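Inspection log for the structure reproduced underneath, given as structure tokens.
The values are calculated or read from the model by the stated rules, or taken from the named source; none is laboratory data. Computed from a predicted model, the values in this text were never measured in an experiment. Reconstructed Cβ throughout: ideal geometry from the backbone, glycine too, with neighbour counts over all protein chains shown.
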């Protein structure tokens, strides 16, 4: 499936294809790296919750 996504992106002439993967999923990160992706930088997701959500 990942190869098909890359193929479609190439056919559409995209400049880049980005994805976000949690650090704990090294297996998924390795899969993307094997498919030609490179790790550009680390992202930090920050959130401050004030109350519980209803849904």
Under 6 Å between Cβ atoms, at least 6 apart or on separate chains: pull out the pairs that start in the range 20-38 with a residue that is at pLDDT 90 or above and end on any residue that is part of a loop (DSSP other than H, G, I, E, B).
-> 28/21; 29/21
Looking at (1) modelled with pLDDT of 90 or more; (2) loosely packed, with under 10 Cβ neighbours inside 10 Å, find the lone condition where residue 46 falls short.
-> (1)
Within the range 4-19, of all residues that are in a loop (DSSP other than H, G, I, E, B) and touching a residue at least 12 places away in the same chain (Cβ under 8 Å), the one farthest from residue 43 (Cα to Cα) is 17
